[in-house]
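The values are calculated or read from the model by the stated rules, or taken from the named source; none is laboratory data. Here the structure is a predicted model, which is why all the values come from computation and not from measurement. Here the Cβ is made from the backbone with ideal geometry for all residues, glycine too, and neighbour counts use every protein chain on show.
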Amino acid sequence: GKGLAVFTSGGDSQGMNAAVRSVVRMGIYLGCKVYFIREGYQGMVDGGDNIEEANWSSVSSIIHKGGTIIGSARCMDFMQKEGRLKAANNLVSRGITNLVVIGGDGSLTGANLFRQEWSNLLDELLENNKITKDQREKYKYLHIAGLVGSIDNDFCGTDMTIGTDSALHRIIEAIDAIVSTAYSHQRTFIMEVMGRHCGYLALVAALASEADQVFIPEDPVPNNWVEKLCKRLQQERKSGQRLNIIIVAEGAIDREGKPITAELVKKVVVDNLQQDTRITVLGHVQRGGSPSAFDRILGCRMGAEAVMALMEATPETEPCVVSLDGNQAVRLPLMECVRRTKAVAQAMADKNWELAVQLRGRS
Ligand code: F6P
């Protein structure tokens, strides 16, 4: 059977295990020899026990677990040619020419570059007598399929990344918990949520929790935000509300690009309204814990589709990323999605927020 390996890379997210499980089982079902690569690209470079053959039962009882059982890492060695040569050697010696990478845009870009370089890497390995002529010929094509695992929902081309729904559940649970204590003491709470440069988690959490205000990177507040915020909070209290909830995305900014932090918002509320105010930073709680049903199913569907894409690949097939479009699992050109995701980052850096939001849209 064909050699296929799965690995997780970059920040973990809930639902990655469901995807790993699905890749392993679909691979075995279709007659492949399936391997885990532990600790992301680092394990690919280091080889040895990090690359281990998987069987049907090695992915039993993992679908309900958060994180990734095969580990994840940010790897410096893979950025060096030396590291990639070692990685290629480790794959060829095991007959692995199909890779499923589960990670964010950085991890997917790395995989694409590796594929582009594959032929040269094999030539160099052959020259140095690390592989045989037969191996050079037999394993001359590397096929890549990507799955996007990230709680941030920050990848262009897919409606939802694996982990976002679970992170939202965690955030909403936390806000509900805060609301009950805030009510008792008539307090204002400022909740900082994750998302790096993407306000999706903050925005959707604000809608679902009836928050009074949300600050996100894609919609920087105007200069008079202090006045507007204070007016709104005051109005809410006057109309009988006993508490206020404000959600701040970790990357929130004003129109000059200066950070809007939870501390800053607290100071504004305390100085202007003298409200009893507390900050809760949710942090990595958002990335942990068991995956939601949605993320389990998403991981399963994406994993199976990735394996099918690899099995159908011809030498000309470009790397794909498996995405969710409406309720369909679709294959999109990996590099096109990465390019768009990077264009969003650039638009944000250029303070062209309208363009950033437009580019994030479906297609
Ligand atoms: O990308 C996922 C994420 O959790 C972001 O929301 C957050 O900004 C970042 O990773 C935190 O990174 P680290 O886990 O390295 O602290």
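Details
- Within the range 274-285, residues that are over 19 Å from G11 (Cα atoms) reach partners that are within 16 Å of the ligand (Cβ to nearest atom) with beta carbons closer than 6 Å, at six or more positions or on different chains, in the pairs I279/A262; T280/M191.
- Every residue from the range 97-114 that is crowded, with 17+ Cβ neighbours inside 10 Å and of a type outside the set (V, I, T): N98, L99, G103, G104, D105, S107, L108, G110, A111, N112, F114
- Only one entry of A309, A313, A262 meets the criterion of being farther than 30 Å from F7 by Cβ, in contact with a strand residue (DSSP E or B) (Cβ under 7 Å, 6 or more places away or on another chain) and touching a residue at least 60 places away in the same chain (Cβ under 8 Å), and that entry is A262.
- Scanning the range 215-230 for residues that are β-branched (V, I, T) and within 16 Å of the ligand (Cβ to nearest atom) yields a single hit, I216.
- Elements of type helices (runs of 4 or more DSSP H) in the range 159-241, at least 2 residues being in contact (Cβ under 8 Å) with a residue 60 or more places away in the chain and not acidic (D, E): 164-185
- Residue within the range 35-47 that is in contact (Cβ under 8 Å) with a residue 60 or more places away in the chain and surrounded by fewer than 19 Cβ atoms within 10 Å (Cβ to Cβ) present: no
- Identity of the residue in the range 204-228, among the aliphatic types (A, V, I, L, M) and within 21 Å of Q346 (Cα to Cα), that ends up surrounded by the most Cβ atoms within 10 Å (Cβ to Cβ): I216
- Leading residue by the ranking (nearest to the chain's Cα centre (by Cα)) among those in the range 140-150 that are more than 10 Å from the ligand (Cβ to nearest atom) and of a type outside the set (S, T, Y): V148
- Taking the criterion of being touching a strand residue (DSSP E or B) at 6+ places or on another chain (Cβ under 7 Å) and within 16 Å of the ligand (Cβ to nearest atom), the only residue of the range 20-49 that qualifies is G40.
- Matching option when the condition is within 16 Å of the ligand (Cβ to nearest atom) and at pLDDT 95 or above, among A313, A329, A249: A249
- Options N98, N89; residue that is in contact with a His (Cβ under 6 Å, 6 or more places away or on another chain), modelled with pLDDT of 95 or more and not hydrophobic (A, V, I, L, M, F, W, C): N98
- Restricting the search to strands (runs of 3 or more DSSP E) fully inside the range 243-360 and requiring at least 2 residues that are surrounded by 21 or more Cβ atoms within 10 Å (Cβ to Cβ) gives 244-249, 320-325.
- In this entry, R74 passes the filter for residues that are surrounded by fewer than 18 Cβ atoms within 10 Å (Cβ to Cβ), of a type outside the set (S, T, N, Q) and within 16 Å of the ligand (Cβ to nearest atom).
- Listing of strands (runs of 3 or more DSSP E) fully contained in the range 1-100 that carry 2 or more residues being within 29 Å of F294 (Cβ to Cβ): 3-8, 33-37
- Number of residues in the range 132-177 that are farther than 27 Å from A356 by Cβ and among the acidic types (D, E): the value is 4.
- Residue match in the range 231-244 (condition: small (G, A, S) and in contact with a strand residue (DSSP E or B) (Cβ under 6 Å, 6 or more places away or on another chain)): no
- Evaluation of L121 against (1) in contact (Cβ under 8 Å) with a residue 24 or more places away in the chain; (2) under 25 Å from the mean Cα position of the chain (by Cα); (3) assigned to a helix (DSSP H, G or I) (one fails), failing number: (2)
- Test: E52 is acidic (D, E), surrounded by fewer than 22 Cβ atoms within 10 Å (Cβ to Cβ), over 20 Å from M311 (Cα atoms) and within 16 Å of the ligand (Cβ to nearest atom): no
For (1) within 16 Å of the ligand (Cβ to nearest atom); (2) over 13 Å from the mean Cα position of the chain (by Cα); (3) over 30 Å from V6 (Cβ atoms), each residue gets a yes or a no:
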{"residue": "D152", "(1), (2), (3)": "yes, no, no"}
{"residue": "R170", "(1), (2), (3)": "yes, yes, no"}
{"residue": "M194", "(1), (2), (3)": "yes, no, no"}
{"residue": "A205", "(1), (2), (3)": "yes, yes, yes"}
{"residue": "Q234", "(1), (2), (3)": "no, yes, yes"}
